[in-house]
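Following: one structure in structure tokens, then a few remarks.
The values are calculated or read from the model by the stated rules, or taken from the named source; none is laboratory data. All values derive from a computational prediction rather than experimental measurement. Here the Cβ is made from the backbone with ideal geometry for all residues, glycine too, and neighbour counts use every protein chain on show.
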Amino acid sequence: MASDKITEVSDADFDEKVLKAALPTLVDFWAPWCGPCKAIGPMIDELADEYDGKVQICKMNVDDSPETPGKYGIRAIPTLIFFKDGEVADQVTGAVGKPQLKAMMDK
Amino acid sequence: MTIDHELIIVGGGPAGLTAGLYAARAKLDVVLLEKGATGGQVLNTDWVDNYPGFPDGLSGFDLADKMTAQAKRFELEIKQTPIIGMDLKHDIKTLHLEEGGTLTCKTLILATGARPNHIDIPGEAEFAARGVSYCATCDAPFYRGRTVAVIGGGNTAIQEAGHLTKFADKVYVIHRRDELRATKILQEKVFANNKIEFIWDTIPTAITGDNTGVTGIELKNVKTDTASKLAVEGVFVLIGIQPNNEMIPLDQLETENGFIITDKEMLTSVPGVFAAGDLISKNFRQIANAVGEATTACLSAEHYLAHLK
């Protein structure tokens with residue numbers, strides 16, 4: 001089950017929900033055809049629960065929203081970008097483990 | 001000294017999950033350690049047509065998901081934690097965790113698999129995930145209507161070149177020889193595909209680009225020594241694999257080119273340490289034989305434990 005703590009974002013509301021967010025925000029760029037993206041899904045759900053109130057966790061479907069991934073030069077998924085105050089603080093591509101993502105967000 | 005587990009399995013691809021399934025079903029005291037998501041390289045496979053029991057084929061993700069679910073049905077404990085080292089010199093094997101601390105066990109199954117080789121040319125690291133890819137299945141849809149290059153001539157390269165033509169307008173296959181190593185059935189498909197153009201006897205020398213990502217690739221013909229350039233927006237490097245052995249003490253067990261040597265019961269040169277899947281030294285790397293080796297490895301580990309008592 002997907003966590004209800006995850007915010008779905010699109011090209012239309014990316015500025016408002018991510019760049020202008022009060023909380024640091026992790027965006028998981030994914031697509032339904034991407035096996036590794038689906039494989040890390042449960043871990044993203046867990047992170048959303050664990051970091052509730054500390055880090056906002058968002059997902060963007062790159063098929064439905066091609067502009068934002070284009071803007072950030074994303075040509076491989078899953079790519080996870082950690083935003084702080086509207087700026088890219090860190091990013092990682094591939095089916096990474098939870099410890100690596102936690103380290104990125106705890107910095 | 002207390003021992004944490006009877007059996008530890010390192011790696012959660014098809015081999016690790018199969019060993020885990022057998023061990024959990026046999027009610028061994030077992031834990032499987034995986035650094036990321038379970039499924040291994042199968043997750044990067046678009047479609048699996050040659051795994052028995054699925055007459056219509058299935059996606060790599062679905063197969064990985066089913067293998068994970070089957071192991072979990074027997075309550076296999078899967079712990080997501082990277083390993084940074086291990087000590088195999090004693091009867092009790094010790095694993096060092098990245099998060100700190102250790103885990104000990106009586107017997108160990110190594111199933112850490114393999115990963116794609118890098119080509120080590122200028123631009124490769126710089127443009128990783130910005131046009132340089134090791135997984136067409138993962139990244140092909142970003143190249144809708146574009147031109148890309150595939151480096152390699154083996155089964156993976158040829159299969160993925162075919163997959164890329166579903167999205168890209170043009171796929172160059174750059175191969176250092178003048179014939180393919182890929183199987184006949186794959187070759188026939190790819191030669192019939194008019195979006196694919198072969199560039200034979202040629203190696204890439206650099207990947208070029210700008211702040212938007214990859215824009216081109218520089219080539220050299222190995223027979224004539226002629227240099228050339230191609231405008232491409234993606235470069236798929238599909239030139240074989242290397243073992244995931246960084247956490248394994250290679251001075252403590254026998255290896256061949258970094259791959260672990262096993263006997264027919266999947267025992268390594270160290271008593272109590274077994275290995276299976278893409279990590280071991282062998283000629284053919286398929287999901288089905290990884291699963292078979294892991295079955296043997298687990299039953300051998302059980303046998304080993306029974307004789308310890």
Filter the stretch B:140-164 for residues that are more than 29 Å from B:Asn283 (Cβ to Cβ) and either under 23 Å from the mean Cα position of the chain (by Cα) or hydrophobic (A, V, I, L, M, F, W, C) (or both); which is nearest to the other protein chains (Cβ to nearest Cβ)? B:Phe142
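Quick one: is B:Lys223 closer than 25 Å to A:Gly73 by Cα, outside any strand (DSSP E or B) and either touching a helix residue (DSSP H, G or I) at 6+ places or on another chain (Cβ under 8 Å) or at pLDDT 95 or above (or both)? Step through it out loud before you land on a result.
Values: closer than 25 Å to A:Gly73 by Cα: no; outside any strand (DSSP E or B): yes; either touching a helix residue (DSSP H, G or I) at 6+ places or on another chain (Cβ under 8 Å) or at pLDDT 95 or above (or both): yes.
When the stated conditions are applied, B:Lys223 does not pass them.
Looking at the structure I just gave you, is B:Val171 within 14 Å of another protein chain (Cβ to nearest Cβ), modelled with pLDDT of 95 or more and either touching a Cys at 6+ places or on another chain (Cβ under 6 Å) or surrounded by 19 or more Cβ atoms within 10 Å (Cβ to Cβ) (or both)? Don't jump to the end; show me each part of the working.
Working: within 14 Å of another protein chain (Cβ to nearest Cβ): no; modelled with pLDDT of 95 or more: yes; either touching a Cys at 6+ places or on another chain (Cβ under 6 Å) or surrounded by 19 or more Cβ atoms within 10 Å (Cβ to Cβ) (or both): yes.
Answer is no for this residue.
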Within the stretch B:229-242, considering residues that are part of a strand (DSSP E or B) and touching a residue at least 24 places away in the same chain (Cβ under 8 Å), the one surrounded by the most Cβ atoms within 10 Å (Cβ to Cβ): B:Phe236
Those residues of the stretch A:1-44 which are among the small types (Gly, Ala, Ser) and at the interface with another protein chain (Cβ under 10 Å from one of its Cβ atoms) amount to A:Ala31, A:Gly35, A:Ala39, A:Gly41
Please state which one of A:Asp4, A:Asp45, A:Asp85 is at pLDDT below 90 and among the acidic types (Asp, Glu). A:Asp4
Part of a strand (DSSP E or B) and either within 22 Å of the chain's Cα centre (by Cα) or assigned by TED's automatic domain parsing to the domain that holds B:Glu265 (or both): is that true of B:Leu180 in this structure? no
Matching option when the condition is among the small types (Gly, Ala, Ser), under 30 Å from B:Thr147 (Cβ atoms) and out of contact with any Asp or Glu (no Cβ under 7 Å at 6 or more places or on another chain), among A:Gly86, A:Gly94, A:Gly53, A:Gly41: A:Gly94
B:Ala128 being surrounded by 15 or more Cβ atoms within 10 Å (Cβ to Cβ), within 14 Å of another protein chain (Cβ to nearest Cβ) and of a type in the set (A, V, I, L, M, F, W, C): yes
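Pick from A:Gly73, A:Gly97: which is at positive phi and not β-branched (Val, Ile, Thr)? Give the steps one after another, and end with the answer.
Numbers: A:Gly97 fails: at positive phi.
Only one candidate passes the filter, namely A:Gly73.
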Residue list for the stretch B:89-127, filter: under 22 Å from B:Gly153 (Cβ atoms) and assigned to a strand (DSSP E or B): B:Ala114, B:Arg115, B:Pro116
Out of the residues in the stretch B:26-65 meeting the condition of being small (Gly, Ala, Ser) and within 11 Å of another protein chain (Cβ to nearest Cβ), tell me which one is surrounded by the fewest Cβ atoms within 10 Å (Cβ to Cβ). B:Ser59
